[in-house]
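Q: Okay, here's the structure, questions in a sec.
The values are calculated or read from the model by the stated rules, or taken from the named source; none is laboratory data. Owing to the predicted nature of the structure, the values given are computational and were not obtained by experimental measurement. Here the Cβ positions follow ideal geometry from the backbone for every residue, glycine too, while neighbour counts run over all protein chains shown. Just so you know, the surface numbers come from the protein's heavy atoms only, side chains and all, with ligands and any DNA or RNA stripped out. Shrake-Rupley method; radii C 1.70, N 1.55, O 1.52, S 1.80 Å.
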Amino acid sequence: VHGVVMGVRRGDGRLEWLLVSASPLERGPGGEVETVVTTFYDITERRALEQAMARARHLESLAALSGGVAHRLNNHLTAVIGNAWLLSKGENLTAEQLESVAEIQAVAREAAQLVQDLRAYSAPAGNPGSTAEVNACVADALARFGPGERQRLSVALAASLPPVAGQAEGLAQAVANLVDNALEAGPGAVEVRTALVDSGALQPRRPHRWE
């Protein structure tokens, strides 16, 4: 045998992988094998590396697929959200029709959130030392909302903010989630602002005591 992969269970329960080859070395008078040379190579680490590389290639292909799907869905949702907003501004709409338009907008927002999740999955992971520009992340987050929703936003971004440690896409998604929750909480305006605050000047809040 040549290059046979065998799994061997160790006494502690771990599974090791060996590459085994064996060849006859000496034969008896009748041709029977009397001596065999056998080699064993421990390929446990190599096998683990090959499996890790296979998983990485699989995940890379899934990321590429999800990125393409997200791009196409985002184009369709942009048309849905924009036309729904235009429809909501129409005249002589009944209460039932307005409710239907609001339902379309709500479902489209949920679908847009799924698209953002796909985009986040398909995006390459940020480096441990990567930084993000806060105002750029906020602008990216607000651009994900429709014209009607953006009309309810009051935005004030401070100038000359230092970069922060983290992944830009993750920060933008977090801001978008917060704004979306605020918009759904009530019909009023939502204030979005950035500022540089000295954390040392903040006074700790006293814990609330329930009786």
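Q: Out of all the residues in region 7-23, which are charged (D, E, K, R) and either at positive phi or open to solvent by less than 40 Å² (accessible area, probe 1.4 Å) (or both)?
A: 16
Q: For region 199-206, does any single residue satisfy the condition of being at pLDDT 80 or above, over 20 Å from residue 131 (Cβ atoms) and either open to solvent by 100 Å² or more (accessible area, probe 1.4 Å) or hydrophobic (A, V, I, L, M, F, W, C) (or both)?
A: Within region 199-206 (the criterion being at pLDDT 80 or above, over 20 Å from residue 131 (Cβ atoms) and either open to solvent by 100 Å² or more (accessible area, probe 1.4 Å) or hydrophobic (A, V, I, L, M, F, W, C) (or both)), the answer is no, since none of the residues qualifies.
Q: Still on this model: Taking region 142-198 only, how many residues are exposed (fewer than 10 other Cβ atoms within 10 Å of the Cβ) and more than 28 Å from the chain's Cα centre (by Cα)?
A: 9
Q: Please find, among 9, 27, 47, 14, the residue that is in contact (Cβ under 8 Å) with a residue 12 or more places away in the chain, more than 30 Å from residue 115 (Cα to Cα) and among the basic types (Lys, Arg).
A: Answer to the selection: 47.
Q: Quick check: anything in region 37-55 surrounded by fewer than 12 Cβ atoms within 10 Å (Cβ to Cβ) and closer than 24 Å to residue 110 by Cα?
A: Looking for residues that are surrounded by fewer than 12 Cβ atoms within 10 Å (Cβ to Cβ) and closer than 24 Å to residue 110 by Cα, one finds none in region 37-55, hence no.
Q: Out of all the residues in region 131-144, is one or more in a loop (DSSP other than H, G, I, E, B) and touching a residue at least 12 places away in the same chain (Cβ under 8 Å)?
A: Yes, region 131-144 contains a residue that is in a loop (DSSP other than H, G, I, E, B) and touching a residue at least 12 places away in the same chain (Cβ under 8 Å).
Q: Run down 62, 93 and say which single residue is among the aliphatic types (A, V, I, L, M), farther than 30 Å from residue 8 by Cα and part of a loop (DSSP other than H, G, I, E, B).
A: Just a single option satisfies the conditions, and that option is 93.
Q: Right, something else. Of all residues in region 1-45, count the ones that are in contact with a strand residue (DSSP E or B) (Cβ under 7 Å, 6 or more places away or on another chain) and either part of a strand (DSSP E or B) or among the small types (Gly, Ala, Ser) (or both).
A: So the count comes out to 31.
Q: Right, residue 107: in a helix (DSSP H, G or I), within 18 Å of residue 184 (Cα to Cα) and open to solvent by 40 Å² or more (accessible area, probe 1.4 Å) or not?
A: For residue 107, the condition - in a helix (DSSP H, G or I), within 18 Å of residue 184 (Cα to Cα) and open to solvent by 40 Å² or more (accessible area, probe 1.4 Å) - is met.
Q: Can you tell me which residue within region 110-130, out of those that are open to solvent by less than 40 Å² (accessible area, probe 1.4 Å) and in a helix (DSSP H, G or I), is modelled with the lowest pLDDT?
A: In this case the residue turns out to be 122.
Q: Name the residues in region 67-97 that are open to solvent by 70 Å² or more (accessible area, probe 1.4 Å) and closer than 16 Å to residue 149 by Cα, would you?
A: 78, 83, 86, 87, 89, listed by residue number.
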